[in-house]
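Notes to accompany the following structure.
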Amino acid sequence: MSRNIFKEIEKSVMNEQMEETTRQKLLGNLLRMKDQKINLMVTGATGVGKSSTINALFGEEVAKVGTSVNPETMGIDKYKLDNLVIWDTPGLGDGKEADNRHSKRIIDKLYEKDRNGDLLIDLVLVILDGSSRDLGTSYELINSVIIPNLGENKKNRILVAINQADVAMKGKYWNAQENRPERKLQNFLEDKVASVRRRIKEATGIDVEPIYYSAGDKEEGYMQQKPYNLSKLLYYILQHTPEEKRLVYAQNINKEEAMWKDNDDLQDYRAGILETFMESVTRGMAIGGTIGQAIGSLVGLGSVGRVIGTVGGAIVGVGANIISGVVDFFGGIF
Ligand SMILES: Nc1nc2c(ncn2[C@@H]2O[C@H](COP(=O)(O)OP(=O)(O)OP(=O)(O)O)[C@@H](O)[C@H]2O)c(=O)[nH]1
Ligand SMILES: [Mg+2]
């Protein structure tokens, strides 16, 4: 990715006329935002689509996608994208000895502290296979390995996502033309979500809100199956991430618009993502207050073009410039 979101913001600050003390303050805030780091753990059984999900979210070829029967991801793989670190770890179901080894690695990682003494892993994304009838090893992973070792803020440190929605009923009731599930498959997936939620609640007392999606399927570089609900997944990831860190994801988002387009219409996730990033910027730069509010409510209206037009007229200077810089950066994907 050639463009840098923090550079865009810096440009806006430098190009605007303002008192030098104000400028220095804004640049200081920017520096603090730039220094944030995210550590995301992605885990789940062999072949659920961990690598595919990482690649769909953050651009091609971050993680190797497997087509063989041998699990591609044996130890913990670490991918570093600017300030985003992704830990790609195997789930359970590879035999007792391997399972013990995997569990131990996961638990150690969950207790690891960063240099500030905070827990290193910000969020654990547990991926389940929507086409699998037997989620026993996944429940074992979630209920016995991950949740008991999440520390205090358990609810916000785990996100459960059910992948391969397109083939959950062996490919039946998937509307390939419109890239969405038909009613029957939708009901099937919603039942799955409900039963996963219930099984976790019963075993751990923790309320999670699982979602279903498709990371998509690529063969020889050609996208056979476009992602579905990928924007929803990112939206949920953002909501589970401390506000001051969210912009780290923005820097590394997959810039291919087609990846983000198809979602359930319970909510406009793409508008939600943009709004979330805007909020992070305005708060992080401490240009919040009235300007932040005005931008927030305007972004909520939807159309970005119209928003910028109105903001330009309604508020002056750096706030509007920064916001249009951020919108430019995403180039219309959200
Ligand atoms: N149809 C469909 N296929 C998918 C989806 N997600 C992943 N796949 C396919 O499932 C296979 C396994 O995907 P990977 O992303 O390698 O799974 P993984 O969890 O990283 O596997 P390991 O690293 O081996 O544990 C690949 O052939 C993917 O193309 C999806 O949403 N829909
Ligand atoms: Mg993998």
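None of the figures in this text is laboratory data; all of them are computed from the coordinates on show. Please read these numbers as outputs of a predicted model, since none were measured by experiment. Counting neighbours? That spans all protein chains shown, and the Cβs are built from the backbone with ideal geometry, glycine included.
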Original post:
Given the convex hull of the Cα atoms of the range 95-195, what is a quarter of its surface area in nm²?
Top reply: 8.2 nm²
Original post:
Given H placed 1.01 Å from N in the peptide plane, which residues other than close sequence neighbours of Leu81 have an amide H under 5 Å from its amide H?
Top reply: Ile86
Original post:
What is the helix-to-structure angle for 304-314, meaning the angle in degrees between its Cα long axis and the longest Cα principal axis of the chain, kept from 0 to 90 and rounded to the nearest 10?
Top reply: 30 degrees
**OP:** Determine which lysines satisfy two conditions relative to Lys226: a Cα distance under 19 Å, and not lying fewer than 8 residues away in the same chain.
**Re:** Lys50, Lys64, Lys170, Lys172, Lys218, Lys255, Lys261
Subject >> Between 0 and 90°, nearest 10: helix 5-15 axis offset from the chain longest Cα axis >> reply: 0 degrees
Original post:
Can you give me the relative contact order of the range 28-131 as a percent, contacts being Cα pairs under 8 Å and 6 or more apart?
Top reply: 36 percent
Original post:
For the peptides 159-165, 233-239, what is the packing order when you average, over each peptide's residues, the other Cβ atoms within 10 Å and list the highest mean first?
Top reply: 159-165, 233-239
**OP:** Could you quote the convex hull projected area for the range 37-255, Cα atoms only and averaged over all directions, in nm²?
**Re:** 11.7 nm²
Subject >> Separation of the Tyr111 and Lys11 label points, Cα + 7 Å toward Cβ, nm >> reply: 4.8 nm
Original post:
Per the Kirkwood formula on distinct C-alpha pairs, the Rh of the range 128-181 is how many angstrom?
Top reply: 13.0 Å
Original post:
Stretch Gln186-Asp82 to full length: gain in nm at 0.36 nm per residue minus the Cα-Cα span?
Top reply: 33.8 nm
Subject >> Ordering of 265-277, 110-122 by burial proxy (mean other Cβ atoms within 10 Å per residue, highest first) >> reply: 265-277, 110-122
Original post:
Using alpha carbons only, how many degrees (0 to 90, rounded to 10) separate the axis of helix 289-299 from the longest principal axis of the chain?
Top reply: 60 degrees
**OP:** Show that you can apply the helix-only estimate: for the chain, add -39,500 (n - 2.57) for every DSSP H stretch of four or more residues, divide by all residues, and state [θ] at 222 nm to the nearest 500.
**Re:** -13500 deg cm²/dmol
Subject >> Dipole magnitude of the range 1-122 about its Cα centre (Cβ charges: Lys, Arg +1; Asp, Glu -1), debye to nearest 20 >> reply: 180 debye
Subject >> Counting DSSP beta bridges with both ends in the range 37-255, the antiparallel % (nearest 5) >> reply: 40 percent
